[in-house]
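The values are calculated or read from the model by the stated rules, or taken from the named source; none is laboratory data. Fair warning: this is a prediction, and the values are worked out from it, not measured in the lab. Methodologically, a virtual Cβ is constructed for each residue, glycine included, from the backbone with ideal geometry; neighbour enumeration extends over all protein chains shown. Remember, those area values only see protein heavy atoms, side chains included, never the ligands or the DNA or RNA. Shrake-Rupley method; radii C 1.70, N 1.55, O 1.52, S 1.80 Å.
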Amino acid sequence: RHLTGRALESVDAATAAVALELRHLGRLCVEVICRALTLPPEQLAQAQPDEAVLDLHPDMGGEDADALYQQHVKGVYADLLSFMGKLELPLDEAHQRFWQHEQMVALLLVNAVKDAKHLQKNLRPRLAEGPSPLREAYLALRRHLFRLLHALNKLGATPPYAEHRATRLAELEKQADDFEASFRQRLFMMVRRGELDGLQTGSLMNDLGYAERIFNS
């Protein structure tokens, strides 16, 4: 969307183009992650997520995360790397740091989508089943991750140097850590009650790991 040949004519123009395209890539990645969770991305723009929507059964004929990645993310990521590789102008130390940082950010965004692809494999079929402790555990995991994405999206709309950003991000990190600890405890309690077997627990633990990585990315 922003990577033009003209932007390669100066370091500042190229830097601005990369920053804008990275935001574009970020929006695409978050939208694909939402669709992998079988939730409408439009909910991100709401003041608060609709709890009724967070409990909806997914449409088993819905969108596949890998197909969405191939269609919307992979090409933009490749174009971004190609554009950055074409810049032949010398970079000072500050611009070199920016270039390296943006490359890492782009990689993290793409990795988050790839983790969402793995998460979808278990999430969609489990949520499409009838009521059960296993389905309720996956619903809780989906609610948790989407609420974090919603909060991050809201935080991203604030000015970059707003004083509350670091504080709010620390709050979200603690919220994520607290959920992960309580979720693990909950799983083993469900095992003791005979509500989950070892294979189901292992799958949920793996999927909790994918959710953690998506948030961190």
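A compact table of results
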| item | result |
| --- | --- |
| Gaussian network model of the chain, springs between alpha carbon atoms under 10 Å - residue of Ala52, Ala176, Ala13 with greatest fluctuation | Ala52 |
| Segment 129-179: chymotrypsin sites (Phe, Trp or Tyr not before Pro) in DSSP loop, at most 11 other beta carbons within 10 Å | Tyr161 |
| In Å², nearest 10: area of Arg23 left accessible to a 1.4 Å probe | 140 Å² |
| Globularity ratio of the chain, using Cα Rg and 2.2 N^0.38 Å | 1.15 |
| Mean accessible surface per residue for the chain, computed with a 1.4 Å probe while every protein chain stays in place, in Å² | 54 Å² |
| For segment 187-202, Karplus couplings with θ = phi - 60° (6.51, -1.76, 1.60), whole Hz, Gly/Pro x | 4, 6, 5, 5, 5, 4, 7, x, 8, 9, 9, x, 5, 5, 5, x |
| Degrees separating the helix 133-156 axis from the principal Cα axis of the chain, which is the longest one | 30 degrees |
| Between 0 and 90°, nearest 10: helix 11-36 axis offset from the chain longest Cα axis | 20 degrees |
| At R0 = 22 Å, FRET efficiency that the Cβ-Cβ distance of Glu51 and Ser182 yields, to 0.05 | 0.70 |
| Most to least accessible of Asp207, Asp66 (protein chains only, probe 1.4 Å) | Asp66, Asp207 |
| Additional length obtainable on full extension of the chain from Arg165 to Glu88, 0.36 nm per residue less Cα span | 24.2 nm |
| Crossing angle, helix 93-127 versus the chain [Cα axis fit, 0-90 degrees, rounded to tens] | 30 degrees |
